[in-house]
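J.: Before I ask anything, here is the structure I am working with.
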Amino acid sequence: MSDQAAIPPAEPTPSLNQLERVVDTFIAPAKTFTDIRRSSSWWLPWLIAAILGLGFVFSVQQQVGWNQVVQNALRENPKAMQKMQSLTPEQAASAMHLQTKITSISVYFLPVTILLVALIGAVILWGTVNWGFGGRAKFDQMYAVWFYATLPLVITSILGIIVLYSGVDPTYFNIKNPVGTNLGYYAPTDWPHWLVTMLTSVDVLKIWTAILLTVGCAKVGQIKKSSAAIAVFD
């Protein structure tokens, strides 16, 4: 009998349901992204992100209010603040009312926004992995990779809700940077705007997401992790 005949056949990898994929994204991401090659279903991570995101939006509305959110955003943007100050009191009040109205409505389109952002991100990665590094990913697979890989970002919504109901001062709440997962959150208010923006990009959840995207692109595209990292971080 030959040596090859003595080798038992490899056991097939058990398929995962979407809940198992969500859990494995945090504890065993390679299993999740390998399973996406079998099935590209992505509705559960999208639903989780949408529900928690809307929960955060509702919490902001209740604890801070959209008028205050807009005022805080203006304070964080020197150019916008300067432009507002150049208006007459009547014009400024009208502009504030319009911006508040737009903000209060647009934030509740978050579920659709998540789908569109995922579409753009997946298209870019799909093209880069396949045509830049000779990968074999299908678009629907890369779309699923995006939703699972960005799951760590929902932690921002969870922490944001906790912060909002723990007694945060509404006048200092920044909806674009609600929790201290990045260096910019801890920067003094008198630091240059460009520096705070740069420090804000150093975010542990975004770095975690980028690492997961790297694993996902490598597994689904069947390319080297180093190539996948270039596709993600470039």
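The values are calculated or read from the model by the stated rules, or taken from the named source; none is laboratory data. Fair warning: this is a prediction, and the values are worked out from it, not measured in the lab. Cβ sites come from the backbone with ideal geometry, for glycine too, and all protein chains shown count toward neighbours. Surface areas here come from the heavy atoms of the whole protein model, side chains and all, with no ligands, DNA or RNA. Shrake-Rupley method; radii C 1.70, N 1.55, O 1.52, S 1.80 Å.
J.: In degrees from 0 to 90, rounded to the nearest 10, what is the angle of the helix 18-27 Cα long axis to the longest principal axis of the chain?
T.: That helix lies at roughly 80 degrees to the long axis.
J.: How many nm separate the modelled label positions at Lys79 and Ser226, each set 7 Å beyond the Cα in the direction of the Cβ?
T.: Taking the simple label geometry, Lys79 and Ser226 are separated by 4.0 nm.
J.: Relative contact order for the stretch 41-134 using alpha-carbon pairs under 8 Å, separation at least 6, rounded to a whole percent?
T.: Relative contact order for the stretch 41-134 comes out at 41 percent.
J.: For the chain, modelled as a Gaussian network with Cα springs under 10 Å, which listed residue fluctuates most, Ile124, Ile102, Ile114?
T.: Ile102
J.: Now, a different point. Given a Förster radius of 30 Å and the C-beta distance between Leu159 and Trp131 as r, what FRET efficiency does 1/(1 + (r/R0)^6) yield to the nearest 0.05?
T.: 0.20
J.: Here is a follow-up. Show that you can apply the helix-only estimate: for the chain, add -39,500 (n - 2.57) for every DSSP H stretch of four or more residues, divide by all residues, and state [θ] at 222 nm to the nearest 500.
T.: For the chain, the value works out to -20500 deg cm²/dmol.
J.: Another question about this same structure. Distance in nm between label sites at Ser201 and Asn17, each 7 Å beyond Cα in the beta-carbon direction?
T.: It works out to 4.2 nm between the two label points.
J.: Give me the distance in nm between label points sitting 7 Å out from Cα along the Cα-to-Cβ direction at Ser166 and Asp140, one decimal.
T.: Calculated label separation equals 4.2 nm.
J.: Find the relative contact order for the chain and round it to a whole percent, using C-alpha pairs within less than 8 Å whose residues are 6+ positions apart.
T.: About 28 percent, as a whole number.
J.: Further, regarding this structure: If I build a Gaussian network model for the chain, linking alpha-carbon pairs within less than 10 angstrom, which residue out of Thr88, Thr32, Thr150 has the largest mean-square fluctuation?
T.: Judging by the Gaussian network model, the answer is Thr88.
J.: Can you give the angle from 0 to 90° between the axis of helix 154-165 and the longest principal axis of the chain, with both taken from C-alpha atoms, to the nearest 10?
T.: Relative to the chain, helix 154-165 is tipped by roughly 30 degrees.
J.: Among the lysines, select those whose C-alpha is under 26 Å from the C-alpha of Lys79, and discard any that sit fewer than 8 residues away in the same chain.
T.: Lys79 reaches Lys101, Lys176.
J.: Between 0 and 90 degrees, rounded to the nearest ten: what's the tilt of helix 43-63 against the longest Cα principal axis of the chain?
T.: Approximately 20 degrees, to the nearest 10.
J.: Would you mind pulling out the separation of the Cα centroids of the stretch 180-234 and the stretch 80-134, in Å?
T.: Each part reduced to its Cα centre gives a spacing of 20 Å.
J.: Which one, Ile105, Ile158, Ile175, has the greatest fluctuation when you compute a Gaussian network model over the chain with C-alpha springs under 10 angstrom?
T.: Largest GNM mean-square fluctuation: Ile105.
J.: Per residue, how much accessible area does the stretch 166-227 have with a 1.4 Å probe, in Å²?
T.: Value for the stretch 166-227: 59 Å² per residue.
J.: With a 1.4 Å probe and every protein chain left in place, tell me how much accessible area His193 has, in Å² to the nearest 10.
T.: 100 Å²
J.: If you find the alpha carbon centre of the stretch 153-173 and of the stretch 44-77, how far apart are they in angstrom?
T.: Their Cα centres are 9 Å away from one another.
J.: Carbon-plus-sulfur fraction of the accessible area of the chain, 1.4 Å probe, in percent?
T.: Carbon with sulfur: 65 percent of the solvent-accessible area.
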